[in-house]
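What follows is calculated from the coordinates using simple rules that are stated; it is not laboratory data. What you see is a predicted model; the values in this text were computed from it and never measured. Every residue, glycine among them, receives a Cβ derived from its backbone with ideal geometry; neighbour counts consider all protein chains shown.
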Amino acid sequence: MKFAIITHVNHIQSGEDYFAYAPYVREMNIWLKYVDEVIVVAPSSKGNPTTIDLNYIHHKIDFRHVSEFSFTSLKSNLISLYKLPAIFWSIFWAMNKADHIHLRCPGNMGLIGCFVQILFPKKIKTAKYAGNWDPTSKQPWTYKLQTYILRNTFLTRNMQVLVYGDWKNQSKNIKPFFTATYADIEKKSFEEKNFDSAIEFIFVGSLVAGKNPMYALKLVEQLAKKENNVVLNFYGEGIEKVALENYIKENQLQNIVFLNGNQNKETVKNAYKRSHFVILPSKSEGWPKAVAEGMFYGCVPIATSVSCVPFMLDNGKRGVLLEMDLESDLTRIENIIRDQNSFFSKSKLSTEWSQNYTTDVFETEIKNILKK
């Protein structure tokens, strides 16, 4: 089987290998176990992979570079219009050669892929929509256009669209799905995490405005002001890092808030194991891996009610759904800290739920998809 991947994820060429964002590549390497040849159409550059990059594992990869593009300003619109014919052509010939077409959405490349796949109605296709599929949510117009094309069974034929969450009134090609980070072998029996030492909070993700790291910081700051022995560890990089550093310094929080930067999977996993709460006050998510990963090791999740997060937290039974009101959210978190039985209950429920979604289960589902 020749398997074509159309993705906006930027790749780094290092020698004969192509690296990209590790969670994405780790997932794709599961798909690639069951295909004979791979065509990747994506932006790329030469350089050195970072701590959070990983390479594809396959013996036959045909990588086809395309330029990055965006529609964020008049200038970028004009440049993108100039680039589009070559990008369209690259995607067309990759799809023409493939036996199975796989789109990664939402994204600019996914958008072009949505249009080009219409020309191949008889080819077997899948799309992984890694964003928020909630039909009622506010989304950029390019995302709305992608969801429209993907769910339109006249335009999009012979395709399974894998989405996060089980939404009402969906077309027959929409398949509720999930993602996973840890394997069955990495499961750990539930252990009660007491509050004898510091109560540890962990934030894992890009330090960008959309994920609201500053709100996480302010929540923990207020808990500390109320004489709770708390610690917050950030794992990730981004443009909000400078603002966080300044806030930590100005408010003398150096002893309780730590910016650890990007770290490898094993380091983050060990951090989850010792943490009590995983926090993600994000404005938009698909299936937030950081939340599921923390729950896997008994962290009680604190997250906004976006996309399938209410399902993941069982509407609050397995964690705290943030209202993004500092006083209200603070009160509910304090209530859990004061009632350790409540914390233990949510921690156990989180572990039991998340450990249903392992890479072993994910791989079985992928094998079944590729067989169809």
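For ILE39, nonlocal amide neighbours, meaning residues 5 or more places apart or on other chains whose placed amide H falls under 5 Å from its own, are PHE3, ALA4, ILE5, ASP62.
At 222 nm, what value in deg cm²/dmol follows for the chain if DSSP H runs of at least 4 each add -39500 (n - 2.57) and the sum is divided by all its residues, to the nearest 500? The helix-only estimate for the chain comes to -11500 deg cm²/dmol at 222 nm.
Determine which lysines satisfy two conditions relative to LYS122: a Cα distance under 23 Å, and not lying fewer than 8 residues away in the same chain. LYS122 reaches LYS2, LYS97, LYS172, LYS175, LYS367, LYS371, LYS372. Remark on ALA183: its backbone amide H falls under 5 Å from those of THR359, a criterion applied only to residues 5 or more positions apart or on other chains, H modelled at 1.01 Å from N. Using the C-alpha gyration tensor of the stretch 184-354, what are the square roots of 5 times its eigenvalues, in whole angstrom, with the largest one first? The three semi-axes for the stretch 184-354 are 22, 18, 16 Å. Summed over all non-identical Cα pairs, the Kirkwood treatment of the chain gives a radius of 21.8 Å.
Here the mean projected area of the convex hull built on the C-alpha positions of the stretch 309-372 is 5.6 nm². List the lysines whose Cα sits under 18 Å from the Cα of LYS83, skipping any in the same chain fewer than 8 residues away. Of all the lysines, those that pass the test against LYS83 - Cα under 18 Å, at least 8 places apart if same chain - are LYS75. Taking only Cα atoms and a 10 Å spring cutoff, compute GNM fluctuations for the chain and point out the largest among LEU78, LEU330, LEU155. Between LEU78, LEU330, LEU155, it is LEU78 that shows the largest mean-square fluctuation. For the stretch 152-232, what class follows from the C-alpha gyration tensor (a ≥ b ≥ c being the square roots of its eigenvalues): rounded when a/c is under 1.5, otherwise prolate if a/b is larger than b/c, else oblate? Judged from the Cα gyration tensor, the stretch 152-232 comes out prolate (a/c at least 1.5, a/b above b/c).
DSSP finds beta bridges in the chain, and of those with both partners inside it, around 10 percent are antiparallel. For the residue pairs LYS218/LYS249; LYS33/LYS60; LYS249/LYS269, the C-alpha atoms sit more than 22 angstrom apart in LYS249/LYS269.
Ordering SER67, SER197, SER354 from the fewest to the most neighbouring beta carbons within 10 Å gives SER197, SER67, SER354.
For the chain, modelled as a GNM whose springs connect Cα atoms under 10 angstrom apart, the maximal fluctuation among LYS172, LYS193, LYS348 occurs at LYS172. For the stretch 213-226, the Karplus equation 6.51 cos²θ - 1.76 cosθ + 1.60, evaluated at θ = phi - 60°, returns couplings of x, 5, 5, 4, 4, 5, 4, 5, 4, 5, 5, 5, 5, 8 Hz by residue, with Gly and Pro reported as x. Of all aspartates and glutamates in the structure, those lying under 18 Å Cα to Cα from LYS193, and not within fewer than 8 positions of it along the same chain, are GLU293, GLU334, ASP339, GLU352. Taken as Cα centroids, the stretch 170-195 and the stretch 62-135 sit 29 Å apart, rounded to the nearest whole angstrom.
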